[in-house]
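Engineer: Could you have a look at this structure, given as structure tokens, before my questions?
The values are calculated or read from the model by the stated rules, or taken from the named source; none is laboratory data. This one's a predicted model, so the numbers in the text were calculated from it and none came from an experiment. Please note: Cβ atoms are built from the backbone with ideal geometry, for glycine as well, and neighbour counts cover all protein chains shown.
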Amino acid sequence: MAQIEEPPYTVVTKEAEFELRDYAPYIVAEVTVEGDRDSAASAGFRVLAGYIFGGNTSQSKIAMTAPVTQSKGEKIEMTAPVTQTASGSSWVIRFMMPKTYTMNALPKPDDERILLKQIAGRRVAVLQFSGLWTEGNLDTHRAELAALIAKKSLKPKGSSSYAFYDPPWKPFFWRRNEIMQEVEKR
């Protein structure tokens, strides 16, 4: 089975499940979806999967990458890999595009809701965990990451994002999940 491409990064610091990473720039396809986190993630995933499976001007298939990221939609620039982020009831779902593409080389999405964006290099605090994608599990790990960021005197930027590397049918105890928070470089 072929290895799924992930965004390139360098580990600055690692302690147990916590990492401070410097990410190189990369391109994402993103869509903003209304609703609760679960339904928004599912709907956003379907929209973006349609794009990479040929729903584009050249009807080209684009390789799947990991992670799928989700974060609350915000008015400030979000900079996470392929993420899920939220604001109110909207969530931004992202797929990282393979590094073989440039902004000019990517086919235009057929779905007008999909935006292609260049994400700048940045420093990100990350907490890895396994388990189900329940609100309780995500909230627990988001609070743990926030405490680690404060303990290390790091300054967060924007909102945290969830990164999911595995399909929902993979046993929950083997899933690779992350809470990610961009922080200022010192």
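Engineer: Show the residue pairs that are 6+ apart or on different chains and have beta-carbon atoms under 8 Å apart, the first residue being within region 88-102 and on the phi > 0 side of the Ramachandran plot, the second being of a type outside the set (A, V, I, L, M) and in a loop (DSSP other than H, G, I, E, B).
Structural biologist: If the second residue must be of a type outside the set (A, V, I, L, M) and in a loop (DSSP other than H, G, I, E, B), the pairs left are Gly88/Gly73.
Engineer: Quick one: Ala150 ticks every box in (1) outside any strand (DSSP E or B); (2) closer than 19 Å to Gln181 by Cβ; (3) at pLDDT below 95 except a single one, so which number is it?
Structural biologist: Unmet condition: (3).
Engineer: Also, quick follow-up: Taking region 155-186 on its own, how many of its residues are assigned to a loop (DSSP other than H, G, I, E, B) and either acidic (Asp, Glu) or crowded, with 19+ Cβ neighbours inside 10 Å (or both)?
Structural biologist: Total meeting the criteria: 4.
Engineer: What residue, among those in region 16-74 that are in a helix (DSSP H, G or I) and among the aliphatic types (A, V, I, L, M), is surrounded by the fewest Cβ atoms within 10 Å (Cβ to Cβ)?
Structural biologist: The qualifying residue surrounded by the fewest Cβ atoms within 10 Å (Cβ to Cβ) is Ala49.
Engineer: Looking only at region 97-129, how many residues end up being small (Gly, Ala, Ser) and surrounded by 15 or more Cβ atoms within 10 Å (Cβ to Cβ)?
Structural biologist: 1
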